């Protein structure tokens, strides 16, 4: 198994669009749960006034992240350079990435960086474990 990759992304929900976000995210979760079983964690948290959310996505390795990108592209229309389905109801405030994404994930990150979205994080994995490791 390779090194894990973790994303924390914070988004501003556009006025009156929280219900739309909730519906979109429910579909997103269903697609991931059904087709992307190796994702370690896929969570969203919102503030009390429903104006911001933060996603926490944990992938055990770059291969799983790349497969995840294929699933969200095929099922949800979320592709590098094409975030229209997401941007209808929210806009990115910042992304933290821990680990080193490759392929489609790196392309999507670069597009968001090019659009001025702030990115931070750490590239070097130093060690650790997940209880999901025991599934292997």
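Overview of values
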item	result
Cβ-Cβ under 6 Å pairs, at least 6 apart or on other chains, segment 109-136 side modelled with pLDDT under 90, far side surrounded by 10 or more Cβ atoms within 10 Å (Cβ to Cβ)	111/80; 111/81; 130/40; 132/40
Condition broken by residue 39, with the remaining ones in (1) surrounded by 14 or more Cβ atoms within 10 Å (Cβ to Cβ); (2) assigned to a loop (DSSP other than H, G, I, E, B); (3) at pLDDT below 90 satisfied	(3)
Test: residue in segment 87-97 that is surrounded by 15 or more Cβ atoms within 10 Å (Cβ to Cβ), in a loop (DSSP other than H, G, I, E, B), in contact with a strand residue (DSSP E or B) (Cβ under 6 Å, 6 or more places away or on another chain) and modelled with pLDDT of 90 or more	no
Residues within segment 1-36 that are outside any helix (DSSP H, G or I), farther than 18 Å from residue 131 by Cα and touching a residue at least 24 places away in the same chain (Cβ under 8 Å), tallied	9
Identity of the residue in segment 9-25, at pLDDT 90 or above and under 14 Å from the mean Cα position of the chain (by Cα), that ends up surrounded by the fewest Cβ atoms within 10 Å (Cβ to Cβ)	10
Number of the condition not met by residue 45 [criteria: (1) buried (at least 16 other Cβ atoms within 10 Å of the Cβ); (2) at pLDDT 85 or above]	(1)
Contacts under 8 angstrom Cβ, first residue in segment 70-91 being under 14 Å from residue 19 (Cα atoms), partner surrounded by fewer than 16 Cβ atoms within 10 Å (Cβ to Cβ) and at pLDDT below 75, 6 or more apart	none
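The values are calculated or read from the model by the stated rules, or taken from the named source; none is laboratory data. This is a predicted model, so every value here is computed, not measured. Neighbour counts run over all protein chains shown; Cβ positions are idealised from the backbone, glycine included.
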